[in-house]
Amino acid sequence: MILLFGGAYQGKFRFACSEFRLQAEDFYTCTADNDSPEPTRKAWQNLQLFVYQLRQENLDPLSWFEQNQAVWQDKILIFDDIGSGIVPTDPQERQWREDNGRCLQYLSCQAEVVYRLFCGLPMRLKP
């Protein structure tokens, strides 16, 4: 699995397309109200919204990734990093931020390759 993360609008989609020769139809784009990502797509993006959706359904997002490794182990996973900036006052927003961070930590350990994108510049963090 390859993990890409960075702030919103930092070039993650464009980088994934160019680096891994992907087309738009290769991506599954998560929203806050859709089902689990399609296993047939090569790349899943906006996974921070999938994390949010799982928490809204009273499911533990980290447990979902741990229990469904066979589904995502050959994918390119793309997250927005929502852990920077001002800590939200809303408890649900704080929980989402913590869940997303825990998922990123777990997936970073599982990934073969990890990139962080900032201002369109990829930084390879692993290996």
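Taken together, the values in this text are just the output of simple stated rules run on the coordinates, not laboratory data. These numbers were taken from a predicted model, which means no experiment stands behind them. Cβ atoms come from the backbone with ideal geometry, glycine included; neighbour counts cover every protein chain shown.
For the range 74-125 and the range 1-59, what is the centre-to-centre distance using only Cα atoms, to the nearest Å? Each part's Cα centre sits 12 Å from the other's. Structure remark: mean-square fluctuation, Gaussian network model of the chain, C-alpha springs under 10 Å; the largest value among Q92, Q73, Q45 belongs to Q92.
Could you estimate the translational diffusion coefficient of the chain from the Stokes-Einstein equation, with Rh from the Kirkwood formula over C-alpha pairs, at 20 °C and 1.002 mPa s, in whole µm²/s?
Numbers: Rh = 14.7 Å.
Using the Kirkwood radius from Cα pairs, D works out to 146 µm²/s.
Translational diffusion of the range 1-76, estimated by Stokes-Einstein from the Kirkwood radius over alpha carbon pairs at 25 °C in a medium of 0.890 mPa s, is 189 µm² per second.
GNM, the chain, Cα, under 10 Å: largest mean-square fluctuation among P37, P88, P61? Its mean-square fluctuation being the largest, the pick is P88. The order of the peptides 23-29, 119-125 by mean Cβ neighbours within 10 Å, most packed first, is 23-29, 119-125. Length gained on full extension, S84 to N34, computed as 0.36 nm times the residue gap minus the Cα-Cα distance: 15.5 nm.
Taking each residue as 0.36 nm, the span from R94 to Q67 lengthens on full extension beyond its C-alpha to C-alpha distance by 7.3 nm.
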